Every structure is written in structure tokens, then in C-alpha cells.
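Sharing a structure here in C-alpha cells format.
Derivation of every value follows stated rules applied to the coordinates shown; laboratory data play no part. What you see is a predicted model, and the numbers here were worked out from it, not measured in a lab. Quick reminder, even Gly has a Cβ in these numbers, built from the backbone with ideal geometry, and neighbours come from all protein chains shown.
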Amino acid sequence: MVFVRAQEGPPNIGDWKNPFTVQYFDEKGNMMIRSSGPVAWRCNNPGNLKKSPYSIGRDRRSIGIAGYGENIYAVYPDYETGHEALVVMLKGSKYHHLSLRAAMKRYDASNPGYIDTIVSMTGFDPERTINSLTDHEFIRFWKAIEKVEKWQIGREDFIEKWYISGVHKKRGVIIEYLIAKTNGDVWVKRDEALKLGENHRLHAVMVHLKNGTVYIRPERGAHRFEILT
């Protein structure tokens, strides 16, 4: 599944350890919700790069942001893209000339023990510069960072978005909708269809009138709903 957009979602009920979920959307509007796992995995951001002109810039191909309070993170479409953002940053002009100690202080100033953890995992001299690392050593370096940032798989829930393939009318008013699901078409009553629409489960537009009436219309550019007998 190729994700083209992502956004912060509400936490799972009772999951106080994870104050937000991440909702990923593909081109068809289907949604994948990531929860319960660490932020790095939920955001496809193995370096836990926070929102910045760099991390969400065009070249980095971020598809959204998610987080809470001051901790807002870039969200990437997959691990590879998020990993690339970390590697390119470490090799870039703001980091490559720094010692490992200085680099880790810039990377996460709130964690003074970061460099000690990296040293214990790699055995590197903390005064070495990033650009002094061989290719093999650089791999050990970023792997240590990703391990500290806790790339671990959590829970995923797939939510499909459906099309309306037809409607039933009675006295000119739609009373049922035919929902095209993967496992077959299903007729649903109007109230149920409205709930699905409000929960963004349908390829349709919800119209709210001033008098309180709510109705469903086709997406822009789509054909009118077919009236079936």
C-alpha cells in the first residue's frame, strides 16, 4: 500500500502511554491507523525527526505531521523514506563536521546521556567527527541511533473506504444506499449510510444544511448515484 497523506489521530481508548495515533491514507482514501508502537514506528520516522523546514521539506517527501505539545514529528510514507531523512541529515552540512559528542548534543539536547549510549553501542571515540567514519562505521552509527529511538512494530488497523454503487428511492427520497465493499455489495439504511459518511468511510461528500438536514452527494467529478429498483 502506497501512502500519500498522513495526519495525527486520537489515542486508543485507555492507551495513556501513547497520546496519539497516526492515520495514513492511500490514493483511494483507505486508511491505516498505527498505534501502540513507539513514535518512530508510528510515524515511519526511525530517527524521530521533529517537524522542521528540513524534515518536512519537499526533498524529504514527508506526507504529514503528528504528535502532541512541543513534540511534533514528521511523518513519512515508509521506513526507507524516513531512514533516508536521518542519513541525509547526518551527512549534511550541519552535522558531518561535528564530533559525535557535539552531534548527539545537537540531535537531542534534552538527553545529555545520548552520546554515552551511542559510545557503549558502537565503541567509537566520542571526539571523532562524523565525516571521519568509514562507510561501515557510519552504518553502525545510524543503526545505534535508530535503536535508541526505538524502532519497534506496534499495532496496525486497516479501514477501507467504500463507494456507493446505487440507491433506492421512495417517493423521490433516498432510503437506502448500496455500498460496494471488497467482500460484496451491501444495502444499508440511510441513517447508517450517514454515519459511515460522517466517519469518512465513504467516497462521498456530506452536505449539512442550515435547517439541520444532512444528505450525501457524489464526490466532485463523479457520476450521480444510480437509482436501482
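Name the shape class, rounded, prolate or oblate, that the alpha-carbon gyration tensor gives for segment 1-110, where a ≥ b ≥ c are the square roots of its eigenvalues, rounded holds for a/c under 1.5, and otherwise prolate holds if a/b is larger than b/c and oblate otherwise.
Note, shape of segment 1-110 comes out oblate.
So which chymotrypsin sites (Phe, Trp or Tyr not before Pro) in segment 37-102 pass both tests, a DSSP loop state and at most 13 other Cβ atoms within 10 Å of the Cβ?
none
Within the set K161/K210; K91/K161; K147/K181; K17/K147; K150/K181; K170/K195, which residue pairs have Cα atoms separated by over 31 Å?
From the list (K161/K210; K91/K161; K147/K181; K17/K147; K150/K181; K170/K195), the Cα-Cα distance tops 31 Å for K91/K161; K147/K181; K150/K181.
Express in whole angstrom the spacing between the alpha-carbon centres of segment 86-135 and segment 23-80.
Their Cα centres are 23 Å away from one another.
Shape call for the chain from the C-alpha gyration tensor, a ≥ b ≥ c root eigenvalues: rounded (a/c under 1.5), prolate (a/b greater than b/c) or oblate?
Cα axes put the chain in the prolate bin.
Right, here's the next one. Using helices alone, what [θ] at 222 nm do you get for the chain, with -39,500 (n - 2.57) per DSSP H run of 4 or more residues, divided over all residues and rounded to the nearest 500?
Rounded to the nearest 500, it is -7000 deg cm²/dmol.
Return the loop-located GluC sites (Glu not before Pro) in segment 25-132 (DSSP other than H, G, I, E, B) with at most 13 other Cβ atoms within 10 Å of their own Cβ; answer none if there are none.
Of the GluC sites (Glu not before Pro), the ones in loops of segment 25-132 whose Cβ has at most 13 other Cβ atoms within 10 Å are E27, E70, E127.
Across bins of 5 angstrom width beginning at 0, how are the C-alpha pair distances of segment 38-98 distributed, in whole percent?
For segment 38-98, the pair-distance distribution reads 4, 22, 32, 23, 13, 5, 1.
Let me make sure I get this right: for segment 63-114, a, b and c are the square roots of the gyration tensor eigenvalues over alpha carbons, sorted descending. Under 1.5 in a/c it's rounded, otherwise prolate if a/b > b/c, else oblate. Which is it?
Judged from the Cα gyration tensor, segment 63-114 comes out oblate (a/c at least 1.5, b/c at or above a/b).
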